[in-house]
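Notes follow once the structure below has been shown.
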Amino acid sequence: MGSPSLLFNSAVSAPRSRAVLALFIALVCMLFAGGQGYAQSELPQVLAARVSTTPERARVVIDLSGTTEFAIVSLDEPERIAIDVKAAGVPTLAPQAVAGSGIVASFTTTMAEEGRARTELTLNQPATVQQAVVLDPVGGQPARLVVDLIVTSDLDFKARVAADLAGSLRLRLPDGMSGASSAEDPFAGTEDTPSSEEPSVLPEASTSAAPSESSTAPVAQAPLAAGSRPLVVIDPGHGGIDNGASAPSGIHEKDITLAFALQLRDLLVQSGQFDVALTRDDDTYLTLNERVTLARQNRADLFVSLHADTFQAADIRGASIYTRDDQATDILDKVLADGENRADIVAGYVKPDAKPAVVNILVDLMRRQARQQAFQAATDIVKAMQPSVALRRFPVRQADFFVLQAPDVPSLLIELGFMSNAADIANLEDNSWRDKVVEAISQGVSDYFTQMRGK
Ligand code: ZN
């Protein structure tokens, strides 16, 4: 079959913050900092710089004769983003206008001072760094710094300018450069600047750590920018040839889950707080793996799979929510080993050849965090359901459902009720009960993200 794509239902281009995660990763990368410094004489040349941009995002690529450190600052009046790299020189480049009506209007690349090349982007609208990665030379391609920008709010941009001015970009620098921190010189020393005897430059693992630190730490300090809506992916269980459970009336689980999913989508979209996407919005068959992959590829902030299964004991009834069993590492590891390269999971956070130990720790952190968040979301949804919906005893449960396996997406599975129980079937087929449940789930999701923002 063709490769499925998510069915989005609101502005999908809105930037999404993975602030907390980014913070964790920045911390880990700092732990792994250590290694060779760059002497001034080894500084690479900037070979070229280019920018492609749309109204929602922009990518800046700076070709380099070798990997190096970088720093990024936001500047005001006019709104600019400056990307500094430690470099020996730049080619003579005229200021360039950027084609199209995108985030970036124009840019220049010049030597700001000896050892520091600055690519300054003049913005059409406030933007922020989504990710920034230094890539090793590969094939015929030179080393390069890739910086992705996404739109942000005026308020968020101003906050960044202020933070940068305050010297809050905590970069670790080699040369014991001292002097006041200033946005115009992001390489200026901070209190953390190590001595020149022990240059804790952005080392091997931290060429990639640098981006996390410089581009996402400010995000972690700020609340979600206005206009950055979390992405909720709703997965109606079963579909197509897979009916799921069936009621005596002939109605199938796949139809019930779809009806709930469509209504939940509408409610979440109406709230204006979320981007919402469905894994299917009609009677389509998707494998479990495809569902998980869709959530992961789109970097969902929450994945909600809806089911109404059967149980041998017909007296078991009520709604419940499952998150992944925290002890189920054996299965997860197998899955990861099967289909995925662990490094893929952290792509964009560490460079491809990062040490396995670094990758493993990042994956573990992501997994742990995703599970904690899933558990929190499940708890919030159950709390919202409690007053109006019949729940199982101990409604928040853990199990090894395959569909909950994404290590980097908080994932939960809602059993709306049991199609093996007559009272539950009556509920599941009742429109007013559906209204009530969908309302409660939507409220719980909203409560969860409100909490996350507050963190
Ligand atoms: Zn099911």
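The values are calculated or read from the model by the stated rules, or taken from the named source; none is laboratory data. Worth saying up front: this structure is predicted, and the values here are computed from it rather than measured. Counting neighbours? That spans all protein chains shown, and the Cβs are built from the backbone with ideal geometry, glycine included. Areas reflect the complete protein model, heavy atoms only, side chains present, ligands, DNA and RNA absent. Shrake-Rupley method; radii C 1.70, N 1.55, O 1.52, S 1.80 Å.
Return the residues of region 99-138 that are part of a loop (DSSP other than H, G, I, E, B) and open to solvent by 20 Å² or more (accessible area, probe 1.4 Å); say none if nothing qualifies.
A99, G100, S101, E114, N124, Q125, D136, P137
Pairs please, first residue from region 246-260 and in contact (Cβ under 8 Å) with a residue 24 or more places away in the chain and closer than 15 Å to T310 by Cβ, second anywhere and near the ligand (Cβ under 10 Å from one of its atoms) and part of a helix (DSSP H, G or I), Cβ atoms under 9 Å, 6+ apart in sequence or on different chains.
Short answer, once both residue conditions are applied: S246/E253; A247/E253; A247/I256.
For residues that are acidic (D, E), over 19 Å from A422 (Cα atoms) and within 12 Å of the ligand (Cβ to nearest atom), scanning just region 226-273, find the one that is modelled with the lowest pLDDT.
The residue in question is D242.
Suppose we filter region 301-322 for residues that are more than 14 Å from the ligand (Cβ to nearest atom) and either over 18 Å from F401 (Cα atoms) or open to solvent by 10 Å² or more (accessible area, probe 1.4 Å) (or both); how many remain?
Total meeting the criteria: 8.
Report those strands (runs of 3 or more DSSP E) wholly inside region 36-83 carrying at least 1 residues which are modelled with pLDDT of 90 or more and within 30 Å of Q125 (Cβ to Cβ).
Of the strands (runs of 3 or more DSSP E) lying wholly inside region 36-83, those with at least 1 residues that are modelled with pLDDT of 90 or more and within 30 Å of Q125 (Cβ to Cβ) span 46-53, 57-64.
What number of residues in region 410-445 are surrounded by fewer than 20 Cβ atoms within 10 Å (Cβ to Cβ), hydroxyl-bearing (S, T, Y) and assigned to a helix (DSSP H, G or I)?
Residues that pass the stated criteria total 1.
Can you tell me which residues in region 276-313 are in contact with a Leu (Cβ under 7 Å, 6 or more places away or on another chain), in a loop (DSSP other than H, G, I, E, B) and of a type in the set (S, T, Y)?
T279, the sole residue that qualifies.
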